[in-house]
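Only one structure is covered here, and it is reproduced in the block below.
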Amino acid sequence: MITYDQLKEAQERKDALRKYLDIDSKKIQVEEEELRTHVPDFWEHPEEARKQMKKVKDLQQWIDGYAEVEGAVDEVTVGWDFLKEEVIDEAELDALYAKAIGLIENLELKNMLRREEDKMSAVLKINSGAGGTESQDWASMLMRMYLRWCEKNGYKTSVANLLDGDEAGIKSCTINVEGDFAYGYLKSETGVHRLVRVSPYNAQGKRMTSFASVFVTPLIDDTIEVKVDPALMSWDTFRSGGAGGQNVNKVESGVRLRYQFTDPYTGEKEEILIENTETRDQPKNKENALRHLRSILYNKELQHRMEEQSKVEAGKMKIEWGSQIRSYVFDDRRVKDHRTDHQTSDVGGVMDGDIDDFIKAYLMTFAGKEQ
């Protein structure tokens, strides 16, 4: 059963959130911003109207989030009195408290995500490492883990590109994760993920180590301006792979975009290659590929900005084999994040998408250094 001190702490954290989030000012802001949407010619300028509606929505989300916390803490407070009168039992009070603390922690974490890009959707790319079928199977397991996490947290996902493995698993995949703060949470997953297990693909039943890299970038929308030079682009089309069907097999709906990028700060040149087979509509796939290109270019600018600020060096790790951010040791029933030292024995739960505690540990350790 919760103690009176725990109840008081929950009330204090609720009051602190009201202050940190400046809820009273946000309520006034929402009223002012909503008034701007009532002018007669508001919808005659669709782009400006969309930006204005998004501003109102973003403000309202903080207000609604705090209202949910306030309501949950008030329920615990009332429940404390009801317990004395034997209206509810200890288990019911503990359940109300757990719900309130969960909401408080979620809002506190979201408050840490203050960078412009944190509130955006995300592009998540997984690449299998050296090791053939075993590492390709590991990449597919990670793909399932992230899709399950997205499902549990209400994010919309679409697979923009998928390259199957030679015998099992996948060589690579690109997933669009759409929803507020998707990038802010998933940016903690960028890095090398290491699997240690007795491989079902090894005839001798040996314990094997496999690697896969995860790379997360913000998925930008039309409100973010990114310069793309059409002269540096070239396109190829190809037949999409898949289970079959006339269109999949005979129509070149898949697109491959090559962009000759020159880093404006270092002068280094590289070719950015993007493939998209998301739909059977080639123009739509081209549109999606361009969106990914803009996201990559935006992310490159973000990385330069972060390096210049030198505020997140402690949390950075090179994405290369041997510098894994997290290890999944199936035999020992252990998953450990090497950046935060957070670990769990619930390997099954993690592989089923229960990675919130790892994300929270990362944000608690590094988010403050990014501001």
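The values are calculated or read from the model by the stated rules, or taken from the named source; none is laboratory data. Predicted model only: the values in this text are computed from it and were never measured. Positions of Cβ are backbone-derived with ideal geometry, glycine not excepted, and every protein chain shown enters the neighbour counts.
Residue check: is Ile274 out of contact with any helix residue (DSSP H, G or I) (no Cβ under 6 Å at 6 or more places or on another chain), closer than 25 Å to Asp221 by Cβ, β-branched (Val, Ile, Thr) and modelled with pLDDT of 90 or more? So Ile274 fails the test. Residues being modelled with pLDDT under 90 and in contact with a strand residue (DSSP E or B) (Cβ under 7 Å, 6 or more places away or on another chain) are entirely absent from segment 302-313.
Right, Lys110: in a helix (DSSP H, G or I), at pLDDT 95 or above and of a type in the set (Lys, Arg) or not? Don't jump to the end; show me each part of the working.
On the way: in a helix (DSSP H, G or I): yes; at pLDDT 95 or above: no; of a type in the set (Lys, Arg): yes.
When the stated conditions are applied, Lys110 does not pass them.
Contact map, segment 177-200: residues that are assigned to a helix (DSSP H, G or I) paired with residues that are buried (at least 18 other Cβ atoms within 10 Å of the Cβ) and polar (S, T, N, Q), Cβ distance under 7 Å, separation 6+ or inter-chain. Pairs shown: Ala182/Ser121; Tyr183/Ser121. For segment 322-337, filtered to residues that are modelled with pLDDT of 95 or more and out of contact with any helix residue (DSSP H, G or I) (no Cβ under 9 Å at 6 or more places or on another chain), the residue that is farthest from Phe211 (Cα to Cα) is Lys336. Is segment 96-106 home to any residue that is farther than 26 Å from Ser188 by Cα, out of contact with any Ser or Thr (no Cβ under 8 Å at 6 or more places or on another chain) and touching a residue at least 40 places away in the same chain (Cβ under 8 Å)? Within segment 96-106, one or more residues are farther than 26 Å from Ser188 by Cα, out of contact with any Ser or Thr (no Cβ under 8 Å at 6 or more places or on another chain) and touching a residue at least 40 places away in the same chain (Cβ under 8 Å).
For segment 268-290, indicate whether the set of residues that are among the basic types (Lys, Arg) and in contact (Cβ under 8 Å) with a residue 60 or more places away in the chain is non-empty. Within segment 268-290, not a single residue is among the basic types (Lys, Arg) and in contact (Cβ under 8 Å) with a residue 60 or more places away in the chain.
The one condition from (1) closer than 21 Å to Asp356 by Cβ; (2) over 28 Å from the mean Cα position of the chain (by Cα) that Asn106 does not meet is (2).
Mind counting the residues in segment 120-163 that are in a loop (DSSP other than H, G, I, E, B) and of a type in the set (A, V, I, L, M)?
Of the residues in segment 120-163, 2 are in a loop (DSSP other than H, G, I, E, B) and of a type in the set (A, V, I, L, M).
The residues in segment 191-215 that are in contact with a helix residue (DSSP H, G or I) (Cβ under 7 Å, 6 or more places away or on another chain) and of a type outside the set (S, T, N, Q) can be counted, and the count is 7.
Taking segment 328-369 as the range and being part of a helix (DSSP H, G or I), touching a Phe, Trp or Tyr at 6+ places or on another chain (Cβ under 7 Å) and either without any contact (Cβ under 8 Å) to a residue 60 or more places away in the chain or in the same structural domain as Glu105 (by TED's automatic domain parsing) (or both) as the test, only Val347 passes. Taking segment 8-29, which residues are in contact (Cβ under 8 Å) with a residue 12 or more places away in the chain and within 29 Å of Leu96 (Cβ to Cβ)? Passing the criteria: Ala10, Gln11, Arg13, Lys14, Leu17, Arg18, Tyr20, Leu21, Ile23, Lys26, Lys27. Taking the criterion of being surrounded by 16 or more Cβ atoms within 10 Å (Cβ to Cβ) and of a type in the set (Phe, Trp, Tyr), the residues of segment 37-76 that qualify are Trp62, Tyr66.
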